[in-house]
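The next block holds one structure in the form of structure tokens; read it before the comments.
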Amino acid sequence: MSELARRLYKSVSVRERGDGFVVMLDERQLKTPAGELFRAPTRKLADAIAAEWEAQAERIAPASMPLTQMAFAALDVTLKRRDELASLIAKYVATDLVCHRAEAPAALVARQAATWDPIVDWAHTRFHFRPAVVSGLIAAPLSPQNLTTMQWEVDDLDAFRCTALAQAVTLAGSAFIGFALLEGRLNAESAFAAAALDDLWNSENWGEDPEARAGLDSQRAEFAALERFIQALSD
């Protein structure tokens, strides 16, 4: 494991610059790992990222700065991979978590319906097509037109929101949970509950081990960070 970098700055501040906000470490503007000058689209996001840098101790721990990491990804990765990300996110719909239901036991089937049906209904209203709900592992039918619709939805997002969406979709295994979190239809806790439903069910009914609990705690924390990041993008 590589040694964490030392904190070489004393003060952190935010300044408005052009059409965005920059984070200053002493008198040096924060840069991304790829060497790009960092600029946040909102004061809220810049303040939140500045707070993460201010909270660092003698060593800088990137894992403790989730909003910084997402913002860096927006500039270093998303801007260069928009088409690829749009395609990947759209393809999740064919295997979307909320559309693939268990056949048994009845209590699990009912819990999936109670949690996931409202998300499917919202997706129908939001995207103007009804996602197919299937049982088992077979892929749900997805027309080329609906696939294109989802790609266009991703294309309409700025790099920061696209980054949040991509991470939410990957974390949840669901494009619809990802969009619902991005647009405020679900909060972090309800998105986690929907995404982790099967694992939570197994833990409740068959017991949990420390590794499973650690995984669920990490997933919950990631959803919470995503919610903070999304909220910081609003003016």
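The values are calculated or read from the model by the stated rules, or taken from the named source; none is laboratory data. Given the structure is predicted, the values throughout are model-derived calculations rather than measurements. As a convention, Cβ positions derive from the backbone with ideal geometry for all residues, glycine included, and neighbour counts pool all protein chains shown. What goes into the accessible areas is simple: the full protein's heavy atoms, side chains included, and nothing from ligands, DNA or RNA. Shrake-Rupley method; radii C 1.70, N 1.55, O 1.52, S 1.80 Å.
Side notes on the structure shown:
- On inspection, A34 does not qualify as farther than 26 Å from K80 by Cα and either touching a residue at least 40 places away in the same chain (Cβ under 8 Å) or touching a Cys at 6+ places or on another chain (Cβ under 9 Å) (or both).
- Residue count, the stretch 16-34 (criterion: part of a loop (DSSP other than H, G, I, E, B) and farther than 24 Å from A168 by Cβ): 5
- The stretch 43-89, residues that are surrounded by fewer than 16 Cβ atoms within 10 Å (Cβ to Cβ), among the polar types (S, T, N, Q) and in contact (Cβ under 8 Å) with a residue 40 or more places away in the chain: S87
- Which numbered condition Q29 misses (of (1) closer than 22 Å to I230 by Cβ; (2) of a type outside the set (F, W, Y); (3) open to solvent by less than 90 Å² (accessible area, probe 1.4 Å)): (1)
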